[in-house]
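Here is the structure we will look at.
The values are calculated or read from the model by the stated rules, or taken from the named source; none is laboratory data. These numbers come from a predicted model, not from an experiment. Don't worry about glycine lacking a Cβ; one is built from the backbone with ideal geometry, like all the others, and counts go over all protein chains shown.
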Amino acid sequence: MRTKIIHAPQDLIDFSKNFELQSGHIVCIEYLEQSKVRAFVSASGKMIAGYVINSSSNLRYWKAIPQEKRTALLETFNFKSDDFCEVTCMWIDRSYTNLLDLAKMYWNCMIDSIICKKKYILAGTVIEKIKKRHMLQLPHLLYEGPISLNGQDFDKVGWLYFSETKYFIPRFIKSAIQGLIIRKLKKSITYLRNK
């Protein structure tokens, strides 16, 4: 699996289509044009995964929160929206990837987020399983409630969570080690049961 930052209009359209196919959600090309879009491609050149890093003041996740909640959060936590970079539009085609590919994608995502030199890293989801995985590295719940992206209201609860950038690498390493240990234990248990 190779990786590259994409800028070409057709590449951004392909990314958007793949993201919608994998997630069921829409991302505007205009948003992708003002962000850092990383794609992962197979040996044959097929786009098989990707994510977006946005460190501009036009944060997709801030806009997802109802305005009154957004204002209250900024005041309560004494945040400025330009203190954040956001990791968003993450997708992976599991039929073309394996655990090593997934680790490579998360590693690149971590590095791209840190390079932004923002105080905080922000991410979110409407899928509880993803929230649990992401909150190992981004453990502070910022928002839980109704979400609206690109005029699309979700009938599910959405979560936004964050971390101070300086703690991102240690948390990533800790959760990677825990994940490997859990996988080894599951394989060992399965092996012993089948014996």
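Does Gly179 meet the test of being surrounded by 12 or more Cβ atoms within 10 Å (Cβ to Cβ), among the small types (Gly, Ala, Ser) and closer than 19 Å to Phe77 by Cβ?
no
Any residue in segment 167-183 that is more than 17 Å from the chain's Cα centre (by Cα), over 23 Å from Trp107 (Cβ atoms) and of a type outside the set (A, V, I, L, M, F, W, C)?
Within segment 167-183, not a single residue is more than 17 Å from the chain's Cα centre (by Cα), over 23 Å from Trp107 (Cβ atoms) and of a type outside the set (A, V, I, L, M, F, W, C).
Among the residues that make up segment 151-159, is at least one of them farther than 27 Å from Pro66 by Cβ and either surrounded by fewer than 16 Cβ atoms within 10 Å (Cβ to Cβ) or not aliphatic (A, V, I, L, M) (or both)?
There is no residue in segment 151-159 that is farther than 27 Å from Pro66 by Cβ and either surrounded by fewer than 16 Cβ atoms within 10 Å (Cβ to Cβ) or not aliphatic (A, V, I, L, M) (or both).
Taking the residues in segment 75-92 that are in contact with a strand residue (DSSP E or B) (Cβ under 7 Å, 6 or more places away or on another chain) and not aliphatic (A, V, I, L, M) as candidates, determine which candidate is farthest from His140 (Cα to Cα).
Top of the filtered list is Trp91.
Listed residues Lys131, Lys118, Lys104, Lys69; which is among the basic types (Lys, Arg) and without any contact (Cβ under 8 Å) to a residue 60 or more places away in the chain?
Numbers: Lys118 fails: without any contact (Cβ under 8 Å) to a residue 60 or more places away in the chain; Lys104 fails: without any contact (Cβ under 8 Å) to a residue 60 or more places away in the chain; Lys69 fails: without any contact (Cβ under 8 Å) to a residue 60 or more places away in the chain.
Only one candidate passes the filter, namely Lys131.
Name the residue, out of Arg94, Arg60, Arg70, Arg38, that is under 30 Å from Ile182 (Cβ atoms), in contact with a helix residue (DSSP H, G or I) (Cβ under 8 Å, 6 or more places away or on another chain) and among the basic types (Lys, Arg).
Values: Arg94 fails: in contact with a helix residue (DSSP H, G or I) (Cβ under 8 Å, 6 or more places away or on another chain); Arg60 fails: under 30 Å from Ile182 (Cβ atoms); Arg70 fails: under 30 Å from Ile182 (Cβ atoms).
It is Arg38.
I'd like to check which helices (runs of 4 or more DSSP H) are fully inside segment 1-110 and have at least 1 residues that are modelled with pLDDT of 90 or more.
Of the helices (runs of 4 or more DSSP H) lying wholly inside segment 1-110, those with at least 1 residues that are modelled with pLDDT of 90 or more span 9-23, 29-33.
Within segment 62-85, track down each residue that is within 21 Å of the chain's Cα centre (by Cα) and among the polar types (S, T, N, Q).
Within segment 62-85, Ser81 is the sole residue that qualifies.
When you check Ile53 against the structure, is it closer than 18 Å to Gly124 by Cα, surrounded by 15 or more Cβ atoms within 10 Å (Cβ to Cβ) and in contact (Cβ under 8 Å) with a residue 40 or more places away in the chain, yes or no?
yes
So Ile147 ticks every box in (1) farther than 23 Å from Phe40 by Cα; (2) at pLDDT 90 or above; (3) surrounded by 18 or more Cβ atoms within 10 Å (Cβ to Cβ) but one. Which box is left unticked?
That leaves (2) as the condition not met.
Please pick out the residue among Ile130, Ile114, Ile121 that is of a type in the set (Val, Ile, Thr), part of a helix (DSSP H, G or I), closer than 20 Å to Ser81 by Cβ and within 17 Å of the chain's Cα centre (by Cα).
Ile114
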